[in-house]
Amino acid sequence: MPVISPSRRVRRTPFSDGVEAAGVKGYTVYNRMLLPTVFESVEADYRHLKDHVQVWDVACERQVELRGPDAGRLVQMLTPRDLRGMETGRCFYVPIVDETGGMLNDPVAVKLEEDRWWISIADSDLLLWVKGVAYGYRLDVLVDEPDVSPLAVQGPQADALMARVFGDAVGKVKFFRFGRFDFQGRSLVIARSGYSKQGGFEIYVEGSDIGMPLWNALMEAGSDLQVRAGCPNLIERIEGGLLSYGNDMTDDNTPHECGLGRFCDTQAAIGCIGRDALLRVAKEGPVQQVRAIEITGDPVPRCDRVWPVTSKGERVGQVTSAAHSPDFGTNVAIGMVRMTHWDAGTQVQVQTPEGPRDATVRDGFWA
Ligand code: THG
């Protein structure tokens, strides 16, 4: 692969100096910002994530901040998930859809106050949509991207490491809730969440100036825990069924096709843009859906384009993420499969760039 040429358009993060000192070997671009993809190797990073603790620069999970009397009304316009029972201090994984019910993003919504929210976005320009909706409906709300950069601490030793920097109370934070904890006189939002199934936290670092001080504090406090710089791991997130917007789904897909129907209460989500469209598709049910797919044979090559899924030579779906899993001793994949072939155990072929492979549709992910 050629290198990514750095420029001002590809934004650095408050942690980039630390990431580079740690020897990052690969970057991708996410929300026009650098996102590390590999340090030692994807396989070595995977092993270390599952056994120890890592600090991840996920500043590219940019925040869309909503502030003002109409903030609550505006978030509910963006998602078919019912937010009425959501209390301050909670985080919700929320599908965001357009007027056709197509997925625009799959962020984590953070309710800071009744009238102040962060939407922690995946890789699409959601800020523009949200600003457009707020302006078009003349809502009394400010919409912008604050200087907030998530830093994730993930892995089985995450609680131990976090307690050393923020105190034991951080261990009491429950899944998808947050508390405020002090670092160098600044109160930071810390949630128990993150883009892995290994457990851990996300620190919403408010103010770029404390980025490197916090990075260094975590690295120093965790040296005997073997803490390392890490990043969202391709193998681990496929095993866990964590979807990647732009890879596993696009605006051509409804939340139901993405398997995100469990995060939709479309009937109750009064005011949601795309509600009528979603009520129609929810009634009929999707005709294709995200599935875990096991691909037989040698480790698959990098999946950087759609791989057709076929049966008897006919296209019945596509694989959009795939990797070899050391722990499961097979190739793990995420794909979109038509209704005729989505039942668990269905045998299909996957057309990889290196030729066809036999594969099996599964009833669930690996972890
Ligand atoms: N954390 C934060 N922001 C993010 C991500 C994150 N923005 C970008 C991207 N990741 C958004 N996508 C996801 C996808 C999955 C999850 C979170 C964000 C996730 N899912 C869990 C699961 O599927 O098991 C839990 C969902 C639930 O039960 O509510 O965590 O990671 N801040």
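The values are calculated or read from the model by the stated rules, or taken from the named source; none is laboratory data. Just so you know, these numbers come straight off a predicted model, no measurement behind them. Using ideal geometry, Cβ is built from the backbone for each residue, glycine included, and neighbour counts are taken over all protein chains shown. For the accessible areas, the whole protein counts, side chains as well, though only heavy atoms, and no ligand, DNA or RNA atoms are used. Shrake-Rupley method; radii C 1.70, N 1.55, O 1.52, S 1.80 Å.
Remarks
- G167 being surrounded by fewer than 22 Cβ atoms within 10 Å (Cβ to Cβ) and either at positive phi or within 16 Å of the ligand (Cβ to nearest atom) (or both): yes
Every residue, every condition in (1) small (G, A, S); (2) part of a helix (DSSP H, G or I); (3) modelled with pLDDT under 95, yes or no:
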| position | (1), (2), (3) |
| --- | --- |
| V143 | no, no, no |
| L151 | no, no, no |
| V170 | no, yes, no |
| G241 | yes, no, no |
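- Every listed requirement among (1) open to solvent by less than 10 Å² (accessible area, probe 1.4 Å); (2) more than 16 Å from the ligand (Cβ to nearest atom); (3) free of Cβ contacts under 8 Å to residues at least 60 places away in the same chain is met by R12 save one, (1).
- Of all residue pairs spaced 6 or more apart or on separate chains, those with beta-carbon atoms under 8 Å, a first member in region 258-270 that is closer than 14 Å to V290 by Cβ and a second member that is of a type in the set (V, I, T) and modelled with pLDDT of 95 or more are C258/V290; G259/V290; F263/V94.
- For region 329-367, the set of residues classified as open to solvent by less than 10 Å² (accessible area, probe 1.4 Å) and either touching a helix residue (DSSP H, G or I) at 6+ places or on another chain (Cβ under 7 Å) or farther than 20 Å from R302 by Cβ (or both) consists of V332, A333, I334, V337, V348, V361, listed by residue number.
- Any chance L112 is under 24 Å from L34 (Cβ atoms) and of a type outside the set (K, R): no
- Screening R81 against (1) farther than 20 Å from E202 by Cα; (2) within 19 Å of the chain's Cα centre (by Cα); (3) part of a helix (DSSP H, G or I); (4) of a type outside the set (A, V, I, L, M) leaves a single unmet condition, (3).
- Looking only at region 104-130, residues that are surrounded by fewer than 18 Cβ atoms within 10 Å (Cβ to Cβ), among the charged types (D, E, K, R) and under 24 Å from T254 (Cβ atoms) come to 1 in all.
- K50 being of a type in the set (D, E, K, R) and either open to solvent by less than 50 Å² (accessible area, probe 1.4 Å) or within 30 Å of I96 (Cα to Cα) (or both): yes
- Looking across region 219-232, just one residue is buried (at least 23 other Cβ atoms within 10 Å of the Cβ) and touching a Lys or Arg at 6+ places or on another chain (Cβ under 9 Å), and that is G222.
- Those residues of region 283-314 which are without any contact (Cβ under 8 Å) to a residue 60 or more places away in the chain, small (G, A, S) and open to solvent by less than 50 Å² (accessible area, probe 1.4 Å), in sequence order: G285, S311
- For region 178-203, the candidate set comprises residues that are open to solvent by 30 Å² or more (accessible area, probe 1.4 Å) and among the polar types (S, T, N, Q); within that set, the residue that is farthest from the ligand (Cβ to nearest atom) is Q184.
- In region 233-282, the qualifying residues are those that are more than 12 Å from the ligand (Cβ to nearest atom) and of a type in the set (K, R), and the one that is surrounded by the fewest Cβ atoms within 10 Å (Cβ to Cβ) is R280.
- Test set (1) in contact with a Lys or Arg (Cβ under 7 Å, 6 or more places away or on another chain); (2) among the small types (G, A, S); (3) closer than 23 Å to N31 by Cα; (4) more than 12 Å from the ligand (Cβ to nearest atom) - G211 fails condition number: (1)
- Of all residues making up region 149-164, the number that are away from the ligand (no atom under 16 Å from the Cβ) and either in contact with a Leu (Cβ under 8 Å, 6 or more places away or on another chain) or of a type outside the set (G, A, S) (or both): 6
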